[in-house]
Amino acid sequence: VKRAVMVDIDEQVVDICRRFLPSFHQDSFNDPRVGLHFVDARKYLEKSSEAFDVIIIDLVDPLAEGPARLLYTQEFYQIVKQKLEPQGIMSVQAEPAGWHDSENFVAIVNTLKTIFPVVCPYSVHVPAFTTSWGFACASASLTPANLTPEEVDARISARLSKELKSYDGFTHQAMFPPPKHIRGQLLAATRIITNSEPIAAY
């Protein structure tokens, strides 16, 4: 990693993390490769002249009165695509993907498919949320779902000095594709999320 850019609208949250969660951030905020920007992420990308290899989007829920709703739209994903290198990839937190609360997840994945040639939805159980949570990778050509367990383990071994607690090659393989009921919903999906018709979480 030569450079990492973090964009967050709430500087106070980051300050609290710096003070009270040192085991989480491990002093990464002070790494000289890190650039911190406390602005709206959409405005930052619109004005940025940079192209990124990886864009990771971890947002709060799209609350009806919250600032994140326009970061789940077709228009925003188009901006993201324009800021990716040709061989770049984005990953997005995409809302619940459980039995009874997957409507937003399905809409997000369907919206991504209108922008990116390759979209790989996946889900994992998040104990803190007491349900399966949806994610998606999107790219012009990269397909992370095709990585073998051996390749994932080799990449982890080459890049990390610590043993991971929950993720390895077999875990990666098990995340793709989503469960059958989600796959059925994705096949039937029609909703496209737009600036004028954003999703909302309640």
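The values are calculated or read from the model by the stated rules, or taken from the named source; none is laboratory data. These figures come from a predicted structure and were not determined experimentally. FYI the Cβ positions are ideal-geometry reconstructions off the backbone, even for glycines, and counts take in every protein chain you see. Surface areas here come from the heavy atoms of the whole protein model, side chains and all, with no ligands, DNA or RNA. Shrake-Rupley method; radii C 1.70, N 1.55, O 1.52, S 1.80 Å.
Per residue, what accessible area does region 1-118 have, given a 1.4 Å probe and all protein chains present, in Å²?
60
Specify the longest stretch of the chain that does not include any exposed loop site, a site being one of the trypsin sites (Lys or Arg not before Pro) with a non-H, G, I, E, B DSSP assignment and at most 15 other Cβ atoms within 10 Å.
Between the exposed loop sites, the longest stretch runs 34-161.
Report the local net charge at C137: Lys and Arg +1, Asp and Glu -1, summed over other residues whose C-beta lies under 14 Å from its C-beta.
Net local charge, C137 excluded: 0.
Given just the C-alpha atoms of region 90-202, how large is their convex hull per residue in cubic angstrom?
Dividing the Cα hull volume of region 90-202 by its residues yields 124 Å³.
Enumerate the whole-percent occupancy of each 10 Å bin, from 0 to the last occupied one, for all C-alpha pair distances of the chain.
For the chain, the binned pair fractions read 8, 31, 39, 21, 1 percent.
Over the Cα atoms of region 127-174, how large are the radius of gyration and the largest Cα-Cα distance (Dmax), in Å?
12.7, 33
Normalised radius of gyration for region 41-123, please: alpha carbon Rg relative to 2.2 N^0.38 Å, two decimal places.
1.09
Plugging the Kirkwood radius over Cα pairs into Stokes-Einstein for region 86-148, at a temperature of 4 °C and a viscosity of 1.567 mPa s, what D comes out in µm²/s?
Using the Kirkwood radius from Cα pairs, D works out to 107 µm²/s.
Given region 1-90, what whole percent of its Cα pairs are spread farther than 21 Å?
Summing the P(r) of region 1-90 above 21 Å gives 36 percent of all pairs.
Given the pairs K81/K180; K47/K113; K2/K162; K47/K165, which span a C-alpha to C-alpha distance of over 31 angstrom in this model?
K47/K165
Tell me which aspartates and glutamates have Cα within less than 14 Å of K83's Cα, excluding those fewer than 8 residues away on the same chain?
Partners found: E46, E50, D53, E75.
Give me the number: length gained by fully extending D40 to V5, i.e. 0.36 nm times residue separation minus the C-alpha to C-alpha distance, one decimal in nm.
Length gained between D40 and V5: 11.3 nm.
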